[in-house]
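Before any comments, here is the structure.
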Amino acid sequence: EPASAVALMIFESGGSTYECSGSLISSGSQPLVPTFLTANHCIGTPEEARSVVAIFNYQTPNCGGRTPGLGSLPRVAGASLMASQGMALGDFSLLRLTAFPEVDVKVLGWSAADIARNQTVTGISHPRGDFKRIAFGERTRDLTIRFTDGERMPANVGYQVAWLQGV
């Protein structure tokens, strides 16, 4: 199940604690390396990476089901920063977790191929640190995004998605 690769990530930055989402992805090597993809706006420094706690299976067993307690879930503490780029170059961070979680999880495959306009897209994440959610949408026309802090993400480094259902 692809959703098993997605984890809630808790980390420290500047003396505060934050939450984001990340996913185990295929490392392309044998044996597999616990390679974890997240956003640079979440983890952008080696210090932040070292503070990561990735919590797996934070999800309900079915729609409307009971949310498990975070303390009972499998987790991996610590990571090293392998590569990272800010908004202008795609907003990504590639981490190497200290281990795989001690539970059956999948790793997600990846491709450098373009996603066509109007192609359906599925997103699985932990919005605002909440339990795992799924969203469905489609790729739309790409635009340069300007954020309130002055950063920009050029249209040619990311995809615009119109989310049609889910969180």
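The values are calculated or read from the model by the stated rules, or taken from the named source; none is laboratory data. All figures in this text were calculated on a predicted structure; none of them were measured in a lab. Virtual Cβ from ideal backbone geometry, glycine too; neighbours counted across all protein chains shown. For accessibility, only protein heavy atoms count, side chains too; no ligands or nucleic acids. Shrake-Rupley method; radii C 1.70, N 1.55, O 1.52, S 1.80 Å.
From the set of residues in the range 102-124 that are over 16 Å from the mean Cα position of the chain (by Cα) and in contact (Cβ under 8 Å) with a residue 40 or more places away in the chain, which is nearest to Glu138 (Cα to Cα)?
Per the criteria, the residue is Ile115.
For residues that are surrounded by 15 or more Cβ atoms within 10 Å (Cβ to Cβ) and over 15 Å from Phe92 (Cα atoms), scanning just the range 8-31, find the one that is modelled with the lowest pLDDT. Step through it out loud before you land on a result.
Start the filter on the range 8-31 by keeping residues that are surrounded by 15 or more Cβ atoms within 10 Å (Cβ to Cβ), which leaves 8-11, 18-25, 27.
Applying the additional criterion that residues be over 15 Å from Phe92 (Cα atoms) yields 8, 10-11, 18-19, 27.
Values: Leu8: 98, Ile10: 98, Phe11: 98, Tyr18: 97, Glu19: 97, Ser27: 82.
Filtering the range 8-31 for residues that are surrounded by 15 or more Cβ atoms within 10 Å (Cβ to Cβ) and over 15 Å from Phe92 (Cα atoms), the one modelled with the lowest pLDDT comes out as Ser27.
Being at pLDDT 95 or above and at positive phi is the filter here, so list the residues in the range 100-128 that pass it.
Asn118
Return only the number of the condition from (1) closer than 16 Å to Ala99 by Cα; (2) surrounded by 14 or more Cβ atoms within 10 Å (Cβ to Cβ); (3) of a type in the set (A, V, I, L, M) that Ala3 does not satisfy.
(1)
If His41 satisfies every condition in (1) assigned to a loop (DSSP other than H, G, I, E, B); (2) closer than 29 Å to Gln160 by Cα; (3) in contact (Cβ under 8 Å) with a residue 60 or more places away in the chain but one, which is the exception?
In the conditions (1) assigned to a loop (DSSP other than H, G, I, E, B); (2) closer than 29 Å to Gln160 by Cα; (3) in contact (Cβ under 8 Å) with a residue 60 or more places away in the chain, His41 misses (3) alone.
From the list Ser16, Ser29, Ser23, pick out the single residue that is of a type outside the set (Lys, Arg) and in contact with a Leu (Cβ under 6 Å, 6 or more places away or on another chain). Spell out the reasoning first.
Numbers: Ser16 fails: in contact with a Leu (Cβ under 6 Å, 6 or more places away or on another chain); Ser29 fails: in contact with a Leu (Cβ under 6 Å, 6 or more places away or on another chain).
The match here is Ser23.
Can you tell me which residue within the range 138-159, out of those that are closer than 24 Å to Met9 by Cα and free of Cβ contacts under 8 Å to residues at least 60 places away in the same chain, is farthest from the chain's Cα centre (by Cα)?
Asp149
Condition first: of a type in the set (Gly, Ala, Ser), open to solvent by less than 30 Å² (accessible area, probe 1.4 Å) and either modelled with pLDDT under 95 or more than 18 Å from Lys106 (Cα to Cα) (or both). Now tell me which residues in the range 45-57 satisfy that.
Looking only at the range 45-57, we keep the residues that are of a type in the set (Gly, Ala, Ser), and these are 49, 51, 54.
Among the residues that remain, those that are also open to solvent by less than 30 Å² (accessible area, probe 1.4 Å) are: 49, 54.
Residue satisfying the conditions is Ala49 alone.
Given the range 58-167, what strands (runs of 3 or more DSSP E) lie entirely inside it while holding 3 or more residues that are open to solvent by less than 70 Å² (accessible area, probe 1.4 Å) and within 19 Å of Cys20 (Cβ to Cβ)?
Working: elements: 75-77, 79-85, 92-97, 120-125, 133-139, 161-166.
Counting at least 3 such residues, we get 79-85, 92-97, 120-125.
Residue-wise test of (1) closer than 30 Å to Thr144 by Cα; (2) more than 14 Å from the chain's Cα centre (by Cα).
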residue	(1), (2)
Pro46	yes, yes
Phe56	no, no
Gly64	no, yes
Leu70	no, yes
Val76	no, yes
Ser80	no, yes
Gln85	yes, yes
